[in-house]
1. From the phi angles alone, apply the Karplus equation (6.51, -1.76, 1.60; θ = phi - 60°) to region B:85-96 and give each ³J(HN,Hα) in whole Hz, x where the residue is Gly or Pro.
2. With a bin width of 5 angstrom, please list the P(r) values of region B:8-50 as percents of all Cα-Cα pairs, from the 0 bin to the one holding the largest distance.
3. Give me a single rounded figure for B:56-67: the average over its residues of other chain Cβ atoms within 10 Å of their Cβ.
4. Just checking the output field for A:4-15: average partner chain Cβ neighbours within 10 Å of each residue's Cβ?
5. Against the globular-protein guess of 2.2 N^0.38 Å, express the Cα radius of gyration of region A:1-60 as a ratio, rounded to two decimals.
6. Given the Cα-Cα distance of B:MET66 and B:ILE118 and 0.36 nm per residue of separation, how much length would full extension add, in nm?
7. Greater than 27 Å separation of Cα atoms is the criterion. Which listed pairs, A:LYS85/B:LYS46; A:LYS35/A:LYS86; A:LYS86/B:LYS65; A:LYS66/B:LYS138, meet it?
8. If you take each beta carbon of peptide A:44-56 and count the beta carbons of other chains within 10 angstrom, what is the mean?
Amino acid sequence: MEDQELVKRLLNGDNSAFTLLVKNTEGLVAQIVFKMVDSLEDRRDLVQDVYLNAYKYIRNFKSNSKLSTWVGSIAYHACYNYLKKKKLLLPEKQLEDENEDVLETMTNRFIDHSSSEIMEYIIKKELRSVLQIGIDQLPPIYATLIALYHFQEMSYQEISEITSLPEGTLKNYLFRARKKLKDYVVLNYKKEDL
Amino acid sequence: MKNSHLLEEEIQAIVFEQKDFSGLNEHVQYCNRCKNSIEAYKLMFKDLEDFPQPMFDFHVQAPVKMYSQKIIRNHFHFPIFLTALLGFLGLSFGVISYLSNNKSVKLESTWLSTWLVICTGGILLTVLVIDVVISYEKKIKALNRIFMQH
Ligand SMILES: [Zn+2]
């Protein structure tokens, strides 16, 4: 069903339309909330708040964006404010890791010496679980961006609408997030191997 | 051909932006480090969309359902309240005037009853029409605000 039709039904008080909205956006909201909030209890409160706010303020939805992006944006900002309140949000400067150059040198050294071994390892040693741990160790905003771009396959514009980050900042954060992830996978391979 | 190693930005651009850098590609063919870096990214992010999707193990809509039920319960609709009040008053006057007519109290009750019925009916109809028009306009306004923005 088209967004416009769904909103029309919601404004007419059709509760089955709201169930459909939840069904259409639950995956996206879960990606955001799981990446940004660790506590199971806080996740539940946050998600229920997100949908309550979507229900209350559906009149504020503007048709120049997608309904899923609008709900995603409510979810992202709820989590962002939660992290800020809990003082779990890294200041922007800290997101730009000071040890990045050292890490890059180490990673490159390993890559130089391991040649095709590392590729075999990546395939053999359950890449998925290594990656999952790697993503969980990223700063929450980086993990969210990876999830939105690579898991949900959203465009830069859509992610920018959800996070209110300018496209330039968004691309820069994504670049750093991928690099951190690659460093994690490569360095963990070597640690295990030694 | 580029002699120094590719920058991390260049490697990611080749993998994720599908950009073609002819000069860089030539270097990649002969350089193990850059080739492996590109392969590592490709392998890591390949099939990432097939990762298990996180799911909520609780009812996300519970507060919404409670909220919507509360709205229905607390919904005080003034025109309908007014209609009911006027209807009640009209009916009471009608009954009183009928009874007083029966008891031969000297009150022009037949005349009073007729006018009470006409006035009450007229007022009720007006109130209902106003209510329908107001709620229709509200709905149209809300829909216009949402769909006519470009
Ligand atoms: Zn190179």
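1. Result, rounded to whole Hz: 5, 5, x, 5, 4, x, 5, 4, 4, x, 5, 4.
2. Percent of pairs per bin, in order: 5, 23, 32, 24, 10, 4, 1.
3. Rounded to a whole number, the mean comes out at 6.
4. The shielding value for this peptide is 2.
5. Computed over Cα atoms of region A:1-60, the ratio equals 1.21.
6. Once the chain is fully extended between B:MET66 and B:ILE118, it gains 14.4 nm.
7. Check vs 27 Å cut-off fails for A:LYS85/B:LYS46; A:LYS86/B:LYS65.
8. Average per residue, whole number: 4.
Only the coordinates and a few stated rules stand behind these numbers; no lab work does. As the structure is a computational prediction, the values presented were derived from the model and not from experiment. All Cβ positions, glycine included, derive from the backbone under ideal geometry; neighbour counts span all protein chains shown.
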